[in-house]
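What follows is one structure encoded as C-alpha cells, with my remarks underneath.
Rule-based calculations on the coordinates, nothing more; no lab input. Predicted model only: the values in this text are computed from it and were never measured.
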Amino acid sequence: MNNATPGSTESTVAGVPPPGLVNYVHLIYGLHACAVLTGIVTSSSIAGRFLFGLPSIIAVILNYARRHEARGTWLESHFEWQIHTFWYALLWIAVTLLVSAPLTLIVIGIFFAFAGFAVVGLWVAYRVVRGWLALRAGHPMPRHAIAPQAAN
C-alpha cells in the first residue's frame with residue numbers, strides 16, 4: 001500500500017516507477033529474448049529454452065525480487081505479464097507432455113509433443129516481443145491480457 005501524500009517525492013505516486021526500474025524491466029525482457037533466440041538457433045525448442053534455460057530462470061527470479069517496487073505503477077503490468085508468460089508456458093508444456101506421453105504408444109504422441117512445443121514456443125516469442133515493444137513505447141500491458149478483472 002502506498003502511503004505517499006500529494007506533493008511527496010516518493011516515486012510510486014501517480015504511477016511513476018522508481019528510477020532505474022524501466023531499465024531493469026528491459027533487462028528482464030532481454031534475458032527472456034536471449035532464451036527465445038537460443039531456442040531458435042540451437043537444436044532445442046523455444047519453449048524448452050524459455051522454461052529451462054538459465055536466462056529465463058534468472059529473469060523470473062529477478063521479476064519476483066523487485067515486483068513490489070512496481071506496485072501502483074504502469075510497470076506492474078509488465079512484471080505480471082512476464083511472470084504469467086513463464087508460468088503459463090510451464091503449464092501448457094506440462095499438459096502437452098501429459099497428453100502426448102500415452103499417445104506415444106500409437107506413435108502420434110511424438111508429433112503431438114512437437115506440435116505442442118512449437119505452439120507454446122511461438123506464443124512465448126509473441127509475448128516477449130509484444131511486451132518489450134510496449135515497454136519501449138512506455139505503455140503498460142493491457143490488464144485483460146494478464147488476468148480477468150472482477151466487475152465492480
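In table form, for the structure just shown:
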item: Full-extension gain in nm, V95 to A137, via 0.36 nm per residue minus C-alpha separation; result: 11.7 nm
item: Using θ = phi - 60° and Karplus 6.51 cos²θ - 1.76 cosθ + 1.60, couplings along segment 79-85 (whole Hz; Gly, Pro as x); result: 4, 5, 4, 5, 5, 5, 4
item: Enclosed volume per residue, in Å³, of the convex hull spanned by Cα atoms of segment 17-139; result: 89 Å³
item: Residue-by-residue Karplus 3J(HN,Hα) for segment 103-114, coefficients 6.51, -1.76, 1.60, Hz, glycine and proline x; result: 6, 5, 5, 10, 6, 6, x, 5, 5, 5, 5, 4
